[in-house]
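Data block below; observations after.
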Amino acid sequence: MEVSPESVFYTRHRARDQKQFAVLTAAAELFLSKGYHATRLDDVAERLRITKPALYNYFRSKHDILFACHMLGHDIIDDSLPEIEAAG
């Protein structure tokens, strides 16, 4: 069962890493649809149905969110390389 990013914040019992991933997911969707410069942290908070100050519990800035998205992308690529190489 897939969990939507905003529903992760409905309970305090979710792990911090799940909430960070939800922030990354929501921000990445907004970066893709609106562009990085046009996306505000208020937009990310609104998408997640949390307050903007709550975002600062997970990331210090929009730049930090972008950097984390970039690193996550690298991790996904690195994890996929063995399978790609095996497929020829």
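Derivation of every value follows stated rules applied to the coordinates shown; laboratory data play no part. Everything quoted here is computed from the prediction, not taken from an experiment. Here the Cβ positions follow ideal geometry from the backbone for every residue, glycine too, while neighbour counts run over all protein chains shown.
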Counting alpha carbon pairs within less than 8 Å and at least 6 residues apart, what relative contact order, in whole percent, applies to the chain? 26 percent
Among Tyr56, Ile76, Gln20 the positive-end extreme of the charge dipole of region 5-87 (Cβ point charges): Tyr56
Sites removed, the longest contiguous part of the chain containing no DSSP-loop trypsin sites (Lys or Arg not before Pro) with at most 10 other Cβ within 10 Å is 13-59
Specify which labelled value, from (i) 16, 46, 26, 10, 2; (ii) 12, 29, 23, 17, 13, 6, 0; (iii) 12, 25, 18, 12, 9, 7, 6, 5, 3, 1, 1, 0, agrees with P(r) over Cα pairs in 10 Å bins from 0, in percent derived from the coordinates of the model shown. (i)
Through the Karplus equation 6.51 cos²θ - 1.76 cosθ + 1.60, θ set to phi - 60°, convert the phi angles of region 63-75 into ³J(HN,Hα) values in whole Hz; use x for Gly and Pro. 4, 4, 5, 4, 4, 5, 4, 4, 5, 4, x, 4, 4
Point-charge dipole on Cβ atoms (K/R +1, D/E -1) for region 5-87, about Cα centre, debye to 20: 680 debye
Taking chymotrypsin sites (Phe, Trp or Tyr not before Pro) as exposed when DSSP calls them loop (any state but H, G, I, E, B) and at most 16 other Cβ atoms lie within 10 Å, what is the longest stretch of the chain free of them, the sites themselves excluded? 1-35
For region 59-75, list residues with backbone N below 12 Å from a point placed 7 Å from the Cα of Tyr36 toward its Cβ? 62-71
